[in-house]
Amino acid sequence: MENMVDKRVFLIVLDSFGIGEMPDSKNYGDEGSNTLKAICQSPKFKTPNLKKLGLFNIDGIDFIEKMENPIGSFAKMKEASNGKDTTTGHWEMAGIISETPFPTFPNGFPKDFLYEFSKRTGRKILCNKPYSGTKVIEDYGKEHLETGALIVYTSADSVFQIAAHEDIVPLEKLYEYCKIAREMLIGDMAVGRVIARPFLGELGSFERTRNRHDFSLKPQGTTIMDELLKNNYDSIGVGKIYDIFAGESIKEHYPMKDNNEGMDITIKLMDKKFKGLCFVNLVDFDMIYGHRNDVDGYANAMTEFDQKLGVMLKKLGHNDIVIITADHGCDPSTPSTDHSREYVPMLAYGKSIRKGMNLGTRKTFADISQTIADIFEIKANTEGKSFYKEIKDR
C-alpha cells in the first residue's frame, strides 16, 4: 500500500509555451506558429533541466538536439476545447472541455451594453476595439487623463479589458468596475475573463503595473480541485490560478509578482506539509513576452525558469510528482500578438515515475486531471484518459 499521507503533485503551467501548430490552426489564423521553435533559436535560451526531463524528445520536435536518456516521461498534448485562451486551456487540464467557444468581439462590444456599463460606472468609454494592451494606452492615454473615461478594449481572445491610470482611477475602484462588467457579461456575452489593466507614468512613457487582476467565469463543471477537496486533499493555487477558476475549490492562494517569485513560492511550499495539488501558473511568458513579440525576452524567461526548476527537482520528496505543461501558444516571432493554437508539452517527473516514457500525442489536456485523480486514487468524471499506469515506476 502506497504512503498516501504526503503524496503531492506540483502542476506547473508555462503560460503560452506551445510546441507547434495543431491541425486546425488555420481556422484560428495560426498556421506555422511554433513558440518553442521561435525561442530556442535565441542565444538567451538555455534549458538543460527541461532537456533532461525529455522536452526535446516529444514527438514532432525535430529542430533541437534530443536527450539520449531523458529522466522524465513526456507527451505532446492536443487541446480538445474550441479556443486558444487561458481559461479554456486551464479548465481543460482541470477536467472541463469547452465545446462551445467563449464569445469574442472583433468589432467591439454592443453600444447598448456600453451605454448601460457607462451608466453604472458613471464614466464615459474610450476605444472599444481589439487592441494591443501597450498600444491602447499610448493612443488613448491622453484623453483618459483629461476626461477620466475608461479605456475599454478586447483582443482575439474572449476578454473585456479596462485600462486606467492608477492616479485617475484608484485600484479598488477599477476592480469595482470590473466586477460590474463581470455581472453584466452573461449569456451570449459571457466572455471568459474581465481584466483590470492599470497603468502609471506620464504621457509618452506609460507603463502597465503588476496590479492586473482577472475576473473569470466560474468553471462550467466539476474540476479535479473539486474532487480533491471532496476527498480531503489540499488544493493550492500559485499565481493567477485563483483568478482563472474564480476562486472555486482553491483552498490556499499565493499571488506572485513575476515568474521568479512564483517559482520561489512553489519551492518554499515544498517545505510545507500538505497532501494534494499545488497548481502553478507562470504568466510572464505570455503577458510580458509572447504578447509583445519579444523572442529574446521569452527565451531568457525560460532559461530563468529552468534554473529554478533545477532547484525544485533536487527538493522533490519520494512521493512528489511534478507535471509541467502549458495552456496554449503565443509565438513571439509571428506578426500577431495574440495567442496561437498549438500543441503543448507535458513532462512528468518524480522518484516514482518511469524514465524515458514517450506517451505520444494525447487527445486532450484533460488527461492531466484524470491522471491526477489516479495518483490520489479518487474518482473524476472527465473525458480525459489517465496515463498514470504508463508512467508509474513498477
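The values are calculated or read from the model by the stated rules, or taken from the named source; none is laboratory data. Please read these numbers as outputs of a predicted model, since none were measured by experiment. Every residue, glycine among them, receives a Cβ derived from its backbone with ideal geometry; neighbour counts consider all protein chains shown. Protein only, heavy atoms only, side chains kept; ligands, DNA and RNA dropped before computing areas. Shrake-Rupley method; radii C 1.70, N 1.55, O 1.52, S 1.80 Å.
Residues of the stretch 242-266 with amide nitrogen under 19 Å from the 7 Å Cα-to-Cβ point of Asn232? In the stretch 242-266, the label zone of Asn232 (backbone N under 19 Å from the point 7 Å along Cα→Cβ) covers 251-252. Compared with the direct C-alpha span, the chain from His253 to Asn211 gains 13.5 nm at full extension, assuming 0.36 nm per residue.
Potential lengthening of the chain between Leu145 and Arg354 amounts to 69.5 nm, from the contour at 0.36 nm per residue minus the alpha-carbon distance. The residues neighbouring Gly204, those whose beta-carbon lies less than 10 Å from its own, together hold a net charge of -1 under the Lys/Arg +1, Asp/Glu -1 convention. The peptide list 290-301, 8-19, put in order of mean Cβ contacts within 10 Å with the highest first, becomes 8-19, 290-301. The mean sequence distance of close C-alpha pairs (under 8 Å, at least 6 residues apart), as a share of the length of the stretch 75-211, puts its relative contact order at 22 percent. For the set Lys314/Lys379; Lys52/Lys355; Lys275/Lys315; Lys52/Lys351; Lys7/Lys314; Lys52/Lys392, the pairs lying more than 22 angstrom apart at their alpha carbons are Lys314/Lys379.
How many nm is it between the label spots at Ile186 and Arg394, if each spot is 7 Å from the Cα in line with the beta carbon? It works out to 5.4 nm between the two label points.
Taking square-rooted eigenvalues a ≥ b ≥ c of the alpha carbon gyration tensor, is the chain rounded, prolate or oblate, where a/c under 1.5 means rounded and, failing that, a/b exceeding b/c means prolate?
Prolate, since a/c reaches 1.5 and a/b exceeds b/c.
Quick one: if the Förster radius is 25 Å, what FRET efficiency do Ile267 and Ile288 give, using the C-beta to C-beta distance and rounding to 0.05? Here the calculated transfer efficiency is 0.75. Using a simple spin-label model with pseudo-atoms 7 Å out from Cα toward Cβ, Lys119 and Asp167 lie 3.4 nm apart.
The stretch between Asp374 and Asn27 holds 121.5 nm of extra length on full extension. This uses 0.36 nm per residue minus the Cα-Cα distance. Solvent exposure of the stretch 1-129, expressed per residue, is 45 Å² of accessible area, with all protein chains present and a 1.4 angstrom probe.
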